[in-house]
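Written below as structure tokens is the structure these notes are about.
Bear in mind that the values in this text are calculations on the coordinates, not laboratory data. Here the structure is a predicted model, which is why all the values come from computation and not from measurement. All Cβ positions, glycine included, derive from the backbone under ideal geometry; neighbour counts span all protein chains shown.
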Amino acid sequence: MLARRTSTWLGSLVLLGLTMLASAALPVAAPLEERALLLVAPVVRTIEDALRPVAAVVLNAGETRALAEGNAALRLENARLSSEVTLLRERIQAETQVQALIEAAGRDSGAQVSASVLLRDPAPGRDVLVVGRGRDAGIRVGQPALGPGATLIGVVSRVEERTARVRLLTDRASTVAALLERSREPVALAGGPEGLRLEFVPVGTPGVEGDVVLSSALGGQLPAGLPIGRVTSVSAQEGDLFQRVRIEPFADYRRLEHVLVLVDFRPGTDPLPEALP
């Protein structure tokens, strides 16, 4: 209804304007024009008042659209910058971890290759890491892998051209020669679902609890003296020949992001098999 009335008024105004133009040359044109303007002025103001909100909405809509587009562009730029900052922070973190591994291992450990952990074998009872360096970097089966603090965390069990698998000491198929630091007692370190344990520790061996477990060169499968963990519990039943000894590893195997492989080390004449069990 409002639109119809507005159209009627506009039509009347146009008609009046044409009439005024046609009569502009007449002597009475000036008085008539003045009276017409006085008559039309309220109508013009009414139409202006009616159209002013519409014009404001149209103008504001354009400004709102421009602001929305600008905000969208700013959000995209902010997301890009945040992503770059995150990548840079992760790169610095990775470089810091690798440098800490190298410094902890020291120069006496020989040539080393750092490798990022790509994934972890999800099979129950299996603790195997896939790392992002392989045969092309000098990694070979049987070489020891170190974690934070230059602690022994596993042994390379399989090698491809650009990747390798590291069997962690906690894997159920892992057994390595070890040594108790204080007593110098040679033992076997085995893994499994319950964690690390020592085997063949004779009952009555002094100072076992709290002792540090080191790698042993016995058998030629590992370099000597690499720290592994600490004895946390010792138990035995009457009649047992050997004690049950639990070990807490120095490294948190669940949070390994980088490992250091000692590529200078060559295992003895009986290296680990190429294939995983």
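Neighbour counts of other Cβ atoms within 10 Å put 194, 181 in the fewest-to-most order 194, 181. Looking at 239, 164, 224, which one has the Cα that reaches farthest to the positive end of the dipole of the range 112-268 (charges on Cβ: Lys, Arg +1; Asp, Glu -1)? Final value for the positive-end residue is 164. Here the range 186-277 is assigned +1 on the Cβ of each Lys and Arg and -1 on the Cβ of each Asp and Glu. Its dipole about the Cα centre then comes out at about 120 debye. Taking amide H positions as modeled 1.01 Å from N, with prolines and chain starts lacking one, the residues under 5 Å from residue 187 and 5 or more places away or on another chain are 178, 179, 180. Counted by neighbouring Cβ atoms within 10 Å, the residues 121, 171, 136 run from fewest to most as 136, 121, 171. Each residue of the range 157-173 was assigned a 3J(HN,Hα) from its phi angle through the Karplus curve 6.51 cos²θ - 1.76 cosθ + 1.60 (θ = phi - 60°); the sequence is 10, 7, 9, 10, 4, 10, 9, 8, 10, 10, 7, 5, 5, 7, 5, 5, 9 Hz, with glycine and proline shown as x. Once the Cα-Cα distance is subtracted from the 0.36 nm per residue extended length, the residue 116 to residue 199 segment shows a gain of 26.7 nm.
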